[in-house]
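The values are calculated or read from the model by the stated rules, or taken from the named source; none is laboratory data. Just so it is clear, the structure is predicted and the values come from calculations on it, not from any experiment. Glycine gets a Cβ as well: all are built from the backbone with ideal geometry, and neighbour counts include every protein chain shown.
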Amino acid sequence: MTFSTSEAVARSFTVADFDFHLPTELIAQHPAPERSASRLLDGSGPAPVDRIFRDLPELLKAGDLLVFNDTQVVKARLFGQKASGGQLEMLIERVLLPHEAGDGSAHEVVAHLRVSKKPQPGGRLHMAGGLRGGGFDAVFIGRWPDEQGQLFRFRLHGPAQETPYELMARHGHVPLPPYITHTDEADDERRYQTVFARVPGAVAAPTAALHFDEALLAALDARGVRRASVTLHVGAGTFAPMKAGRIEDHVMHHERYAIPPATLQAMADCRARGGRVVAVGTTTVRTLESWARSGETEGDTNIFITPGFGFRVVDLMVTNFHLPQSTLMMLVSAFAGFDHIRALYAHAIEHRYRFFSYGDAMLLSRNPDAAV
């Protein structure tokens, strides 16, 4: 299932409307020493309030439902060599399911490739161990999803028929975002991962969930806040800049998602008791709102949420601060209101909040007039 929408916009916007100046020093290069000790900008009311993330239980009510994305970040960045000895970098975007693979196996992947000259079909790349051996080979099959696609499709050949996930775990690197300047370290393996990560497949973390630790989850339980989960494997496209001059010309990336029956029941029970659905992260928002329109509990989504979008599921959102002119800036503006988001970001910059994946968070409530 593939679904995309950008519903009627009552106010005309351009990509430039979602730009802002961010001092470079506010881009967080490392996480806060403690997950729940990061800052939380409470933007759920008309005026911003500065808080600490562990204050979140005070802002929620008994009977509310927090919905998390339980995807697990895989070590998808790999280095290798061509047969000629030229260096290359591969970022595995997706492990293909057996029915998607040409040979019906679980050994095909699609990836981004940084190399001086693109391989020819049948070309063999030597990954991890390179020409010295000890790694594995990636045989180029073709472009993905078709010959005009931007991604490359490979079949991986490792010792003892290791799966792509096993090969990445043994040879790969944490796929830190492009604005984090240090190479991945041992601490990144732990901190660029949520404490409840369960289903491997993401190449970027659902960063709003990075602020939750076991103590905070216990405090939420004590408050009477319920929990449920969805899975959306975040792709590298989440960092891709918008190249189109007009919002409506942007081609949104696809991501695989799944919603278990227990979560559907938890949301129905939440509505029945008068609780609020609180999405932890934009990936959870995209998953729930995709399901609300398609009725499909699993598949691919390329839903594009811009101002004018009519939200059907999510009442509140926990989210980090996003890149200028990004699709995620458009999503939060659609949810909380364009002018409100502009004011919150100005407040965050003035008060030196930390931005992006390892940065601070904010709490937003759905603005019923956001589509206006």
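The listed residues are 265, 193, and the only one of them that is modelled with pLDDT of 95 or more and surrounded by 14 or more Cβ atoms within 10 Å (Cβ to Cβ) turns out to be 193.
Could you go through segment 296-313 and let me know if any residue there is buried (at least 18 other Cβ atoms within 10 Å of the Cβ), within 24 Å of residue 36 (Cα to Cα) and in contact with a Phe, Trp or Tyr (Cβ under 9 Å, 6 or more places away or on another chain). No, segment 296-313 contains no residue that is buried (at least 18 other Cβ atoms within 10 Å of the Cβ), within 24 Å of residue 36 (Cα to Cα) and in contact with a Phe, Trp or Tyr (Cβ under 9 Å, 6 or more places away or on another chain).
Within segment 63-83, is there a residue that is over 24 Å from the mean Cα position of the chain (by Cα), over 30 Å from residue 156 (Cα atoms) and either assigned by TED's automatic domain parsing to the domain that holds residue 341 or of a type in the set (A, V, I, L, M) (or both)? Scanning segment 63-83 turns up at least one residue that is over 24 Å from the mean Cα position of the chain (by Cα), over 30 Å from residue 156 (Cα atoms) and either assigned by TED's automatic domain parsing to the domain that holds residue 341 or of a type in the set (A, V, I, L, M) (or both).
Here's the yes/no breakdown for (1) at pLDDT 95 or above; (2) surrounded by 22 or more Cβ atoms within 10 Å (Cβ to Cβ); (3) in the same structural domain as residue 91 (by TED's automatic domain parsing); (4) in contact with a Leu (Cβ under 7 Å, 6 or more places away or on another chain):
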site	(1), (2), (3), (4)
211	yes, yes, no, no
219	yes, no, no, no
227	yes, no, no, yes
242	no, no, no, no
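A Cβ distance below 8 Å, combined with a sequence gap of six or more or placement on separate chains, defines the contacts here; from segment 47-63, residues that are at negative phi and surrounded by fewer than 17 Cβ atoms within 10 Å (Cβ to Cβ) reach residues that are among the polar types (S, T, N, Q) and at pLDDT 95 or above in the pairs 52/36; 52/38. Of the set (1) surrounded by fewer than 18 Cβ atoms within 10 Å (Cβ to Cβ); (2) touching a helix residue (DSSP H, G or I) at 6+ places or on another chain (Cβ under 6 Å), all apply to residue 36 but (1).
The number of residues in segment 163-209 being in a helix (DSSP H, G or I) and over 22 Å from residue 137 (Cβ atoms) comes to 9. Residues in segment 41-88 that are at pLDDT below 95 and of a type in the set (A, V, I, L, M): 83 alone. Take residue 262 and tell me if it is small (Gly, Ala, Ser) and closer than 27 Å to residue 311 by Cβ. Yes: the conditions hold for residue 262. Condition check: within 20 Å of the chain's Cα centre (by Cα) and at pLDDT 95 or above. Does residue 38 satisfy that? Taking the combined requirement at face value, the residue satisfies it. Each residue in segment 146-174 was checked for being in contact (Cβ under 8 Å) with a residue 24 or more places away in the chain and either among the aromatic types (Phe, Trp, Tyr) or loosely packed, with under 14 Cβ neighbours inside 10 Å (or both), and 5 pass.
Each row is one residue, and each column tells you yes or no for (1) among the aliphatic types (A, V, I, L, M); (2) within 19 Å of residue 236 (Cβ to Cβ).
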{"residue": "264", "(1), (2)": "yes, no"}
{"residue": "280", "(1), (2)": "yes, no"}
{"residue": "306", "(1), (2)": "no, no"}
{"residue": "315", "(1), (2)": "no, no"}
{"residue": "322", "(1), (2)": "no, yes"}
{"residue": "327", "(1), (2)": "no, yes"}
{"residue": "363", "(1), (2)": "yes, no"}
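Can you list residue pairs whose Cβ atoms sit under 9 Å apart, with the first residue in segment 78-91 being closer than 9 Å to residue 114 by Cβ and free of Cβ contacts under 8 Å to residues at least 40 places away in the same chain and the second being charged (D, E, K, R) and in a loop (DSSP other than H, G, I, E, B)? Count only pairs 6 or more apart in sequence or on different chains. Short answer, once both residue conditions are applied: 88/82. Among the residues making up segment 213-268, those that are in a helix (DSSP H, G or I), over 12 Å from the mean Cα position of the chain (by Cα) and in contact (Cβ under 8 Å) with a residue 60 or more places away in the chain are 215, 216, 219, 220, 222, 223, 247, 248, 263, 266, 267. Residue 131 falls short on exactly one of the conditions (1) in a helix (DSSP H, G or I); (2) modelled with pLDDT of 95 or more, and that condition is (2).
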